[in-house]
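A.B. asks: What follows is a structure written as structure tokens; I'll ask about it next.
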Amino acid sequence: MSETSVNVGGEPVLVLDGIQHAYHRTVAVRGISLSVRPGEIVAVTGPSGCGKSTVLHVAAGLIRPQSGTVRLFGQQLEGAGDDERARLRRSKIALVLQFGQLVPELTGLDNVALPLLLDGHDPKEARRLALSWLERCGAQDLAEVGPPEMSGGQAQRVAVARSLITSPQLILADEPTGSLDSIGGRELLDLMLGEARRSGAALVVVTHDNSVAARADREIRLLDGVIASEAVLA
Ligand SMILES: Nc1ncnc2c1ncn2[C@@H]1O[C@H](COP(=O)(O)OP(=O)(O)OP(=O)(O)O)[C@@H](O)[C@H]1O
């Protein structure tokens, strides 16, 4: 592990218990339980279609699983309405989904500033911070560019900048650098891992990249919708 370890401990920030989910007749996840502690870096790996994205979307409260429970920062998600879920996500969690999921009508800069603007921060200060995060993510050239004009990799850089600007306590990332070349992807992941280590945020990252998994505290490998193996690496 190249990053400096922080203390990993305390009450879990995320607990999944007995999660099952199917899309029509396709069973994606069949009974997954896992728990993530503050500051822990967890890599979720496994072959295509094994259920990784579904687990991440359930953890983020974007998918309501057919059975099982999700607890985020001690709060049970089942009873929470959509507004409450959105509030919880905005205040403590950052999401980086596979295709960036940026707001198409806004510039790169305003996409990054958006979480702060929604939280009522001073717009000038929010944009100043957004520019500095774009620079750190190698995306300063995208400040005035709209998402429809960005490549997949560029959108991922902007999405990572947006995820880190709020100093989240939990980062949920689904193949956050899958559209970048290997060097660019490595640099951006280095930044995410480094930031998580520095700030003490927990990071759950879905990845096909073995080198990322090797630098996590724990690797959870899925196969056909169940946890096939779990390795503590740190
Ligand atoms: N919206 C959907 N509608 C129907 N089937 C879906 C949907 N999303 C996922 N699936 C199916 O559920 C299963 C698990 O998909 P999921 O995307 O969670 O796997 P994954 O491990 O993240 O795959 P990948 O590595 O290719 O992104 C797969 O068989 C997939 O085809």
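A.B. asks: From I19, I41, which residue is hydrophobic (A, V, I, L, M, F, W, C), more than 14 Å from the ligand (Cβ to nearest atom) and in contact (Cβ under 8 Å) with a residue 40 or more places away in the chain? Even if it seems obvious, please write down each step before you answer.
C.D. replies: Working: I19 fails: more than 14 Å from the ligand (Cβ to nearest atom).
The match here is I41.
A.B. asks: When residues of the range 41-73 are filtered for being of a type in the set (G, A, S) and under 15 Å from L170 (Cα atoms), how many remain? Walk me through how you get there before you give the answer.
C.D. replies: Restricting attention to the range 41-73, the residues satisfying the condition of being of a type in the set (G, A, S) are 43, 46, 48-49, 51, 53, 59-61, 67-68.
Next, only the ones that are under 15 Å from L170 (Cα atoms) stay: 43, 59-61.
Residues that pass the stated criteria total 4.
A.B. asks: Just to be sure I understand, how many residues within the range 32-54 are under 18 Å from Q98 (Cβ atoms) and in contact with a strand residue (DSSP E or B) (Cβ under 6 Å, 6 or more places away or on another chain)?
C.D. replies: Here is the first cut: in the range 32-54, the residues under 18 Å from Q98 (Cβ atoms) are 42-54.
When the remaining residues are screened for being in contact with a strand residue (DSSP E or B) (Cβ under 6 Å, 6 or more places away or on another chain), the result is 42-46, 50-54.
Number satisfying all stated conditions: 10.
A.B. asks: Still on this structure, I have one more. Which members of the range 58-116 meet the condition of being in contact (Cβ under 8 Å) with a residue 40 or more places away in the chain, surrounded by fewer than 17 Cβ atoms within 10 Å (Cβ to Cβ) and more than 18 Å from the chain's Cα centre (by Cα)?
C.D. replies: Within the range 58-116, Q66, S67, T69, G74, P104, E105, L106 qualify.
A.B. asks: How many residues does the range 212-227 hold that are within 17 Å of G18 (Cβ to Cβ) and of a type in the set (A, V, I, L, M, F, W, C)?
C.D. replies: Step one: filter the range 212-227 for residues within 17 Å of G18 (Cβ to Cβ), giving 220, 222, 224-227.
Filter once more, keeping what is of a type in the set (A, V, I, L, M, F, W, C): 220, 222, 226-227.
Here the count works out to 4.
A.B. asks: Against the definition (in contact with a strand residue (DSSP E or B) (Cβ under 7 Å, 6 or more places away or on another chain), among the β-branched types (V, I, T), touching a residue at least 24 places away in the same chain (Cβ under 8 Å) and within 16 Å of the ligand (Cβ to nearest atom)), how does I220 come out, yes or no?
C.D. replies: Against the criterion (in contact with a strand residue (DSSP E or B) (Cβ under 7 Å, 6 or more places away or on another chain), among the β-branched types (V, I, T), touching a residue at least 24 places away in the same chain (Cβ under 8 Å) and within 16 Å of the ligand (Cβ to nearest atom)), I220 qualifies.
A.B. asks: Filter the range 61-97 down to residues that are more than 23 Å from S229 (Cβ to Cβ), within 13 Å of the ligand (Cβ to nearest atom) and touching a helix residue (DSSP H, G or I) at 6+ places or on another chain (Cβ under 9 Å), then give me how many there are.
C.D. replies: Final tally of qualifying residues: 3.
A.B. asks: Right, V212: closer than 25 Å to V15 by Cα, modelled with pLDDT under 90 and crowded, with 21+ Cβ neighbours inside 10 Å or not? Even if it seems obvious, please write down each step before you answer.
C.D. replies: Working: closer than 25 Å to V15 by Cα: yes; modelled with pLDDT under 90: yes; crowded, with 21+ Cβ neighbours inside 10 Å: yes.
Yes: the conditions hold for V212.
A.B. asks: Moving on to the next point. For the range 18-53, enumerate the residues that are closer than 25 Å to E195 by Cβ and among the hydroxyl-bearing types (S, T, Y).
C.D. replies: S35, T45, S53
A.B. asks: Which condition number in (1) surrounded by fewer than 23 Cβ atoms within 10 Å (Cβ to Cβ); (2) away from the ligand (no atom under 16 Å from the Cβ) is the one that G178 fails?
C.D. replies: Just one mismatch for G178, condition (2).
A.B. asks: Which of the residues spanning the range 168-192 are more than 15 Å from the chain's Cα centre (by Cα) and in a loop (DSSP other than H, G, I, E, B)?
C.D. replies: Listed by number, the residues that qualify are S179, L180, D181.
A.B. asks: Which condition from (1) in a helix (DSSP H, G or I); (2) closer than 23 Å to T54 by Cα; (3) touching a Leu at 6+ places or on another chain (Cβ under 7 Å) is the one that E219 breaks?
C.D. replies: The failed condition is (1).
A.B. asks: Which ones in the range 156-183 are touching a residue at least 40 places away in the same chain (Cβ under 8 Å) and under 19 Å from T54 (Cα atoms)?
C.D. replies: Within the range 156-183, L170, I171, L172, A173, D174, E175, P176, G178 meet the criteria.
The values are calculated or read from the model by the stated rules, or taken from the named source; none is laboratory data. In this text, all values refer to a predicted model and were calculated from it rather than measured experimentally. Methodologically, a virtual Cβ is constructed for each residue, glycine included, from the backbone with ideal geometry; neighbour enumeration extends over all protein chains shown.
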